[in-house]
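What follows is one structure encoded as structure tokens, with my remarks underneath.
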Amino acid sequence: MFYFENICGKKVLKSTVLNGLNHFFTTRESIIKTKEPKFEKIAEQNRKDFCEYFGVKELIYPSQTHTSNVEIAEPEKTNYPDTDGLILANKEQAVFLNFADCTPLIFYDGKICAVSHAGWRGTAGKIAVKTVEKMVSEFNSELKNIKCAVGPVISMCCYNVGEDVFNQLRSTVNDFDKLFEIRNGNIYVNLKEINKKQLIEYGLNEENIDICPYCTVCNNDLFFSYRKENSTTNRHSAVVKL
């Protein structure tokens, strides 16, 4: 279940499935990533406040390029090019990834955590599964212990795609029938549920996956939307610290 909470006086979104993990999804008022002048001072102050909250010098984030590449965060390392998934196994860092319609994924097994960015390309590349695979191979995480919160993302009500994207997404799971709709000749797909189905087919327990009910387009008063806001550079973020 998702719920709102105030951290440093700003609204953030959290998931009960990740109890025990320092985590949150930022909202419009807790923004920490932007290139727009009117939001820069707010984002800078929020980053300072969250650093103080976590007890770290800075918040680490990778250079996201819509890949399915997953790396491991290392103390003192801040540069992660072409990386859309970051596993955190140390307590010295706090990391975040940024979103404005794409799917935010936070994973936690009780010992380590990870954040991944799954737009349609990342979803087609099964970055959710690749993140879990790396947690298992590098840190001996057990599938039964891994929990996942799927954050605010553009929902099927608003996400229409072309045939090429549709075919790439359809090929990632065994049964795609309930993961898309045809309306007025247009194809609409459900990124949230596609990522969830990929994880279930890989072996995660369904009850350990929490799906955010919010749509970034419909709930644009809370979150940013690249589509609705004409390619905005504002982002909401998924933030974690062990």
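A few comments on the model shown:
- Cβ-Cβ under 7 Å pairs, at least 6 apart or on other chains, the stretch 43-64 side under 30 Å from Trp120 (Cα atoms), far side part of a helix (DSSP H, G or I): Glu58/Cys51; Leu59/Arg47; Leu59/Phe50; Leu59/Cys51
- Inter-residue pairs, beta-carbon under 8 Å, first part of a helix (DSSP H, G or I) and in the stretch 194-209, second among the acidic types (Asp, Glu), 6+ apart: Lys196/Glu206; Lys197/Asp175; Ile200/Glu206; Tyr202/Glu133
- Residue pairs meeting the criteria (Cβ under 8 Å; at least 6 apart or on separate chains; first under 17 Å from Ile194 (Cα atoms), in the stretch 119-145; second charged (D, E, K, R)): Gly119/Asp101; Gly122/Asp84; Ile127/Asp84
- Taking the listed residues Ala128, Ala114, Ala149, the one that is outside any strand (DSSP E or B), of a type outside the set (Val, Ile, Thr) and either modelled with pLDDT of 95 or more or closer than 29 Å to Tyr80 by Cα (or both) is Ala128, with no other qualifying.
- Looking only at residues of the stretch 56-72 that are part of a loop (DSSP other than H, G, I, E, B) and of a type in the set (D, E, K, R), we find that the one that is nearest to the chain's Cα centre (by Cα) is Glu58.
- For the stretch 80-111, filtering for residues that are surrounded by 23 or more Cβ atoms within 10 Å (Cβ to Cβ), of a type in the set (A, V, I, L, M, F, W, C) and assigned to a loop (DSSP other than H, G, I, E, B) leaves 2.
- Exactly one residue among Tyr159, Tyr202 is more than 14 Å from the chain's Cα centre (by Cα), over 30 Å from Glu58 (Cβ atoms), surrounded by fewer than 18 Cβ atoms within 10 Å (Cβ to Cβ) and of a type in the set (Ser, Thr, Tyr), and that residue is Tyr202.
The values are calculated or read from the model by the stated rules, or taken from the named source; none is laboratory data. Since this is a predicted model, take the numbers as computed values, not measurements. Cβ sites come from the backbone with ideal geometry, for glycine too, and all protein chains shown count toward neighbours.
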